[in-house]
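Okay, so here's the structure we're looking at.
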């Protein structure tokens, strides 16, 4: 038990550091199989000579920062304006379906909605717009990355909302808000001044995760992002995949740069936090009770509704495509429906679906066990997790996957490790564990220790306290963490592809391979299958505690 | 550590070159060894038609030879090349994860150059006798690089353009005509973004239409006056790019993505490397049935798709059995059927028996497919260095918007 944190960190950071070494070496010119035997600065020079370096790096920074800031703003406004209202409970129910949609599927759906030949334009043409052929407008893949930012925000708001809801109960928001309102503060202002400062530190790591993810995302960027040039991460993948194998050197150099950019952005964000904290204190001291509150609450709801609609209608569009016959512009609906696609490709879903479930379940269980062991060890032995260990935990979410996975693959082969399902599961744990830990640590640590004290006073052993009191009381957050873990695992593409040597085929690897062909019918089919799988996890996470704790209102996992 | 690492690789290389088995000349031994093997066939998985065809071929070799085929669906062939490279780096010279790769062009050149391939084996396959080496020189010259038996051809491809006759009844038939048409109809044409192979192929095709002496394209770019030869191409693109779809500020990322753009009515004209692709797409409701194909005056670029076996493949015998099956008249005729795949055959009709030929003659090539005699002259692929260099220079000029 005492060793749990050490074991966890080894499992988490071992692959990471090994993979990074495998990236850093080629970035410095060392890659024996390609004739790079001594360190050189040539890859660095080649990278600096690439004319797209500045715009690609700038795009990575701007899209990442803007997407994160917008996601946080929308999340905050929803929480401030609507928590504990009937509308909020409705939004809460919409949350898990939204979280269930994999990023790539959501991006495809949104792309089909907003494109000049997309569903919105079709619905309005030609009777309103007069368009008989789509206008030549650069909406999707715009050079500023706005479409990509929209896609990211739509997916990250539900994630941040979930994280905020998980963290919220420990801050006793009702009490703070009641006091604030008794002092005459309006709802949103009161929440921002009294609750937000308590909540923010508890969701800081998820926010950094969103920032790092948004900056280095590949699949969403390919679908919605600009490509003249593409954000840096996409370019890294392109170089990695270049037939000219010597491009691996420059790719590794760019991967290292991507890592530095992410670190810099987090630093920038941290400074922003301090600035906001200073200004916020002044704002709180001034004591304004707020007058724009209803407007702010409406803006939050509007933005949230828009992003939810984007995902849900996008998914509906893909579902319709999966049964569409020919569907040309400007028809709002396909000319006929057919189950040809399902009949042809449906049977192909079975094997990858099984593989996906096995891998997600194994990786999530392992991550959950390690997380609980760590947290319990922390509790029993009074280990105080420093900021450093949190950062270590955070490393896998902070380092772009493309920066360390190829290096890791080489290393696995070097030590003769069997690649295949086992390696994929371990690889998934690296990414699943931080999310599970991040989503569970708050509620676990926030658990009222007086229960343990009372139990101990009655002579109950620590093990019994854990299994019979703490764990059951934390059922809702544990299941939420598991559902998040499953969602993360189902969405993994690169680790599955690289560590599985291409032989482990999940719904995601199949979907991405098929997506390169652009047939919306097949994309729709696989997107639905992926979504269904994750949705099942969230449904269980929400449903089970309600069922088990039907007579224990406070344990049902709703704040 | 580093020295030991190098030693391991060196030792393994010696070991692998010594063991050049199985030998396809002794086909019975190959069949015996192949039985019970599982072949991990790494092939691009972006086309459902291709995936279905590979599944069919896998079922056939399973029934006939006891060889199991697992189609590893790649989104990029380079992933498989990376995999083999990673294995070589790690000194895993046996028991590799990749048994057979669908490959050509620069990927083949890179693998051959880095000694990542097993062989030669292809010209000893029993069905090699049907291959049309004289009529289709591309089957032994992959982008001018001699294959030397290190890969076996299985499909012919030739550049065609497709257009929707409902919107564009008379498409331009020359590169110069294309520019004039694009100027008159801005925003209605695009091509996949280089370095996508089809996008790069468009650049090469345009170059063919603009150079005086196409024979220079057979030489490596270092051996010719690259700047002078490509100058007309860049001035052509300088004029064309602002008239492209989205004014050239965004591009489709793959060839099949153009099918969707055509179906969405966003473009009127697109390039394809498969004469039967449009017919197959119509059959699958992906394109309206008013789409037709055409070729440019003076001919279009043609090449072959190949199968190669990595030097460290686990199931080399099984891989050869699959490659040989894909060369059989039966598999070739099925591949040419536009309802199935619509790929051109690599076989010579003259070398087939009347019975074997009948299967090809009976094919209805589909409403959008040109019959072989209308496909026009086939221009050979330029040396691979052209693709690399053109894609690089295109990216520097147009791929990074200011």
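The values are calculated or read from the model by the stated rules, or taken from the named source; none is laboratory data. These numbers come from a predicted model, not from an experiment. When we count neighbours, we look across all protein chains shown, and the Cβ atoms used for this are built from the backbone with ideal geometry, even at glycine.
So is residue A:123 surrounded by fewer than 22 Cβ atoms within 10 Å (Cβ to Cβ) and at pLDDT below 85 or not? In short, no. In summary, helices (runs of 4 or more DSSP H) completely within region B:328-402 and bearing 3 or more residues that are in contact with a strand residue (DSSP E or B) (Cβ under 8 Å, 6 or more places away or on another chain) occur at B:329-336. Among the residues of region B:78-99, is there at least one that is surrounded by 21 or more Cβ atoms within 10 Å (Cβ to Cβ) and in a strand (DSSP E or B)? Yes: region B:78-99 contains one or more residues that are surrounded by 21 or more Cβ atoms within 10 Å (Cβ to Cβ) and in a strand (DSSP E or B).
Listed here are the residues, each with its yes/no results for (1) free of Cβ contacts under 8 Å to residues at least 60 places away in the same chain; (2) touching a helix residue (DSSP H, G or I) at 6+ places or on another chain (Cβ under 8 Å).
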{"residue": "A:283", "(1), (2)": "no, yes"}
{"residue": "A:288", "(1), (2)": "no, yes"}
{"residue": "A:305", "(1), (2)": "yes, no"}
{"residue": "A:326", "(1), (2)": "yes, yes"}
{"residue": "A:337", "(1), (2)": "yes, no"}
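Among the residues of region B:48-71, is there at least one that is modelled with pLDDT under 85, at the interface with chain A (Cβ under 7 Å from one of its Cβ atoms), farther than 22 Å from residue A:238 by Cβ and assigned to a helix (DSSP H, G or I)? The answer is yes, given that some residue of region B:48-71 is modelled with pLDDT under 85, at the interface with chain A (Cβ under 7 Å from one of its Cβ atoms), farther than 22 Å from residue A:238 by Cβ and assigned to a helix (DSSP H, G or I). Annotation note: Cβ proximity below 8 Å between a residue of region B:147-171 that is without any contact (Cβ under 8 Å) to a residue 60 or more places away in the chain and a residue that is outside any loop (DSSP other than H, G, I, E, B) (sequence gap 6+ or interchain) occurs for B:149/B:122; B:149/B:123; B:149/B:124.
Residue selection: residue A:503 satisfies the criterion of being within 11 Å of chain B (Cβ to nearest Cβ), at pLDDT below 85, surrounded by fewer than 24 Cβ atoms within 10 Å (Cβ to Cβ) and farther than 23 Å from residue A:210 by Cα.
Does region A:302-319 include one or more residues that are under 30 Å from the mean Cα position of the chain (by Cα), within 14 Å of another protein chain (Cβ to nearest Cβ) and surrounded by 14 or more Cβ atoms within 10 Å (Cβ to Cβ)?
yes
Note on region B:162-181: residues that are in a helix (DSSP H, G or I), closer than 19 Å to residue B:293 by Cβ and under 28 Å from the mean Cα position of the chain (by Cα) amount to 3. The residues listed here are A:218, A:179, A:188; of these, the one that is under 24 Å from the mean Cα position of the chain (by Cα) and either buried (at least 23 other Cβ atoms within 10 Å of the Cβ) or closer than 24 Å to residue A:281 by Cβ (or both) is A:218.
Scanning region B:87-114 for residues that are facing chain A (nearest Cβ under 10 Å) and under 25 Å from residue A:507 (Cα atoms) turns up B:96, B:97, B:98, B:103.
Residue-wise test of (1) closer than 28 Å to residue A:295 by Cβ; (2) within 12 Å of chain B (Cβ to nearest Cβ); (3) out of contact with any strand residue (DSSP E or B) (no Cβ under 7 Å at 6 or more places or on another chain); (4) modelled with pLDDT of 90 or more.
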{"position": "A:33", "(1), (2), (3), (4)": "no, yes, yes, no"}
{"position": "A:42", "(1), (2), (3), (4)": "no, no, yes, no"}
{"position": "A:53", "(1), (2), (3), (4)": "no, yes, yes, yes"}
{"position": "A:59", "(1), (2), (3), (4)": "no, yes, yes, yes"}
{"position": "A:65", "(1), (2), (3), (4)": "yes, no, yes, yes"}
{"position": "A:71", "(1), (2), (3), (4)": "yes, no, yes, yes"}
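Residues checked against (1) more than 14 Å from chain A (Cβ to nearest Cβ); (2) in contact (Cβ under 8 Å) with a residue 24 or more places away in the chain; (3) buried (at least 24 other Cβ atoms within 10 Å of the Cβ); (4) in contact with a helix residue (DSSP H, G or I) (Cβ under 8 Å, 6 or more places away or on another chain):
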residue: B:241; (1), (2), (3), (4): no, yes, no, yes
residue: B:253; (1), (2), (3), (4): no, yes, no, yes
residue: B:271; (1), (2), (3), (4): yes, yes, no, yes
residue: B:310; (1), (2), (3), (4): no, yes, yes, yes
residue: B:328; (1), (2), (3), (4): yes, yes, no, yes
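The residue pairs whose first member lies in region A:239-257 and is within 17 Å of residue B:107 (Cα to Cα) and facing chain B (nearest Cβ under 8 Å), whose second member is at pLDDT below 85 and not in a helix (DSSP H, G or I), and whose beta carbons are closer than 6 Å, counting only pairs six or more residues apart or on different chains, are A:241/B:76.
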